[in-house]
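Report on one structure; see the data block that follows.
The values are calculated or read from the model by the stated rules, or taken from the named source; none is laboratory data. None of these values were measured; they are calculated from a predicted model. Cβ coordinates were reconstructed from backbone atoms using ideal geometry, including for glycine residues, and neighbour counts include every protein chain displayed.
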Amino acid sequence: MTLRSTVRGLVAAAAALLAVTATSSTARATPEPKAPAEFVALATVDPTIIQEMRYITPHNFVGKPIDGYKQPVCILTRQAAQALHQAQLKLLRQGYSLKVYDCFRPQRAVDNFVEWAKDLDDQKMKTEFYPLVDKSRLFEDVYIAAKSGHSRGSSIDVTMVRLPAWPTPPYRPGQQLVPCFAPKDQRFPDNSVDMGTGFDCFDTLSHTDDPRIQGVQRANRQLLKGTLQAAGFVGIPQEWWHFTFQPEPFPDTYFDFPVAWRSVAGHH
């Protein structure tokens, strides 16, 4: 074999190796799906609404950041974001601001919840989020489900904050947990008004119209509910914080793009 043919052989082998490597890298680097054009970042529609995106932090009922949450950004369908803006305008005139805990939730995050709920040995956040509920009943009691309206893009988990707003202290993993239905000055500090329970409290006291919730707590829930209903949102009886804009632009589609600015880049 001549030197020239040997070199040609080496070049061909190197090219083949590079082609395989490039193909493998491309396969590994498959781009994440983006949101449809009908989705926007809430901050581009109303930057005054406070965002405290809980599922990108470890302060949630799972106890760690949830799959699919890459950045602390609220993403919604444009119609839902615009309706939330109208609700915010009304509350600002009364000295309040809306605060969202969760907006669009990718299907992979819902799958993460389901996987966690099946692991009955993982109870590290029980004391705060489901102190009176046996974890084996989370599916039966519909605290956890395989599908979530949040994945359709028009649902929010939301509360109100009295202005001027002070930031909520950060959660420190391992800190002492307090039941989510404890008095407001005892449970995890939150700059929201007193709604009778904390967010994501798996307890019947979270039911919007639970008769045990009275006085200022009930008035706060009714103000939130009434303001959002007037803007086109519908709540659910089980959770005072959950509302869905109707009619939903995507009533039957469950999306799985990540919660990140890049998912809605260029959308206005």
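Filter the helices (runs of 4 or more DSSP H) completely within the stretch 31-138 down to those with at least 3 residues that are farther than 17 Å from Trp261 by Cα and of a type in the set (S, T, N, Q).
In the stretch 31-138, 78-92 are the helices (runs of 4 or more DSSP H) which contain 3 or more residues that are farther than 17 Å from Trp261 by Cα and of a type in the set (S, T, N, Q).
Filter the stretch 65-124 for residues that are within 18 Å of Ile144 (Cα to Cα), touching a helix residue (DSSP H, G or I) at 6+ places or on another chain (Cβ under 9 Å) and aliphatic (A, V, I, L, M) and give the result.
Scanning the stretch 65-124 gives Ile66, Ala109, Val110, Ala117, Leu120.
Please work out if Ala230 is under 23 Å from Thr77 (Cα atoms) and either among the hydrophobic types (A, V, I, L, M, F, W, C) or not assigned by TED's automatic domain parsing to the domain that holds Asp102 (or both). First the steps, then the outcome.
Numbers: under 23 Å from Thr77 (Cα atoms): yes; either among the hydrophobic types (A, V, I, L, M, F, W, C) or not assigned by TED's automatic domain parsing to the domain that holds Asp102 (or both): yes.
Yes.
Do we have any residue at all in the stretch 95-109 that's loosely packed, with under 15 Cβ neighbours inside 10 Å and in the same structural domain as Cys180 (by TED's automatic domain parsing)?
Yes: the stretch 95-109 contains one or more residues that are loosely packed, with under 15 Cβ neighbours inside 10 Å and in the same structural domain as Cys180 (by TED's automatic domain parsing).
Tell me the residue from Trp240, Trp261 that is buried (at least 21 other Cβ atoms within 10 Å of the Cβ) and either in contact (Cβ under 8 Å) with a residue 40 or more places away in the chain or on the phi < 0 side of the Ramachandran plot (or both), please.
Testing whether each residue is buried (at least 21 other Cβ atoms within 10 Å of the Cβ) and either in contact (Cβ under 8 Å) with a residue 40 or more places away in the chain or on the phi < 0 side of the Ramachandran plot (or both) leaves just Trp240.
Sort through Asp185, Asp134, Asp157 and tell me the only one that's touching a residue at least 12 places away in the same chain (Cβ under 8 Å) and closer than 20 Å to Phe199 by Cα.
Being touching a residue at least 12 places away in the same chain (Cβ under 8 Å) and closer than 20 Å to Phe199 by Cα holds for just one of Asp185, Asp134, Asp157, which is Asp157.
Tell me yes or no: at least one residue of the stretch 225-233 is buried (at least 21 other Cβ atoms within 10 Å of the Cβ), of a type outside the set (A, V, I, L, M, F, W, C) and touching a Gly at 6+ places or on another chain (Cβ under 7 Å).
Scanning the stretch 225-233 turns up no residue that is buried (at least 21 other Cβ atoms within 10 Å of the Cβ), of a type outside the set (A, V, I, L, M, F, W, C) and touching a Gly at 6+ places or on another chain (Cβ under 7 Å).
Take Ile49 and decide whether it is in contact with a Ser or Thr (Cβ under 7 Å, 6 or more places away or on another chain), at pLDDT 95 or above, buried (at least 16 other Cβ atoms within 10 Å of the Cβ) and of a type in the set (Val, Ile, Thr).
So Ile49 fits the description; yes.
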